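For reference, the structure is listed below as structure tokens.
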Amino acid sequence: CPAMGEGQGGGGCAYQEGLRPAVGYELNPWLLCLSNYRAWKAGYHGKVSFLKKDLWKVNLSDCYNVIVFLAPSVKPPLATKLLAELPDEARVVAGRFPFPSWTPASTLGQGLEQVWAYDMKEVRRAAQSRAEGSPV
């Protein structure tokens, strides 16, 4: 999955930015329906897939662009999953809430519209440096 989104509209956003295929994961049936509706309304029907799957059980090792819209409380366990599964070439974009222990490669917007972009190779390098006790 070259592009993966989590939550309402992440997949449509990925497709709009040229990331294909665009796949979104959502367990809540109402949010899944809303995501499909928004994709249809935006003209992405058939171009974006929203699947009723548990993000924690999906293997992300073939994902290169990941967009997440999740609460801050979920970011630490998600960071562990992404570090374990994503390739070095992957980029993660977080909307609304940054990953607390990661340094973004770039940010865009402000307030509720702010997003943080992370390059996994750099995130992984910084995590290894912290684990070894050396400065980044």
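As I understand it, the dipole of region 21-110 uses +1 on the Cβ of Lys and Arg and -1 on the Cβ of Asp and Glu, about the Cα centre. Which of LEU60, VAL93, GLN110 lies farthest toward its positive end? After comparing all options, I get GLN110. Rolling a 1.4 Å probe over the protein heavy atoms gives region 56-114 an accessible area of 57 Å² per residue.
Taking each residue as 0.36 nm, the span from HIS45 to SER106 lengthens on full extension beyond its C-alpha to C-alpha distance by 18.9 nm.
Please report the antiparallel percentage of the DSSP beta bridges confined to region 17-136, to the nearest 5. Roughly 45 percent of the DSSP beta bridges within region 17-136 come out antiparallel. The listed residues TYR118, TYR37, once ranked by accessible area (1.4 Å probe) with the largest placed first, stand as TYR37, TYR118.
Counting protein heavy atoms only, region 47-123 has 54 percent of its accessible area on carbon and sulfur, 1.4 angstrom probe. Legend: residue pairs LYS53/LYS121; LYS41/LYS75; LYS47/LYS75; LYS81/LYS121; LYS53/LYS81; LYS41/LYS81, Cα-Cα distance threshold 21 Å; pairs beyond threshold, LYS53/LYS121; LYS41/LYS75; LYS47/LYS75; LYS41/LYS81. Give, as ranges by residue number, the residues of region 89-107 whose backbone N falls under 18 Å from the point 7 Å along Cα→Cβ of GLN128. Within reach of a label on GLN128, which here means backbone N under 18 Å from a point 7 Å along Cα→Cβ, region 89-107 contributes 89-91, 102-103. Please report the spacing between the Cα centers of region 85-136 and region 33-79 in Å, no decimals. Centre-to-centre distance over Cα atoms comes out at 18 Å.
The values are calculated or read from the model by the stated rules, or taken from the named source; none is laboratory data. Small disclaimer: the values here were computed from a predicted structure and weren't measured. All Cβ positions, glycine included, derive from the backbone under ideal geometry; neighbour counts span all protein chains shown. Protein only, heavy atoms only, side chains kept; ligands, DNA and RNA dropped before computing areas. Shrake-Rupley method; radii C 1.70, N 1.55, O 1.52, S 1.80 Å.
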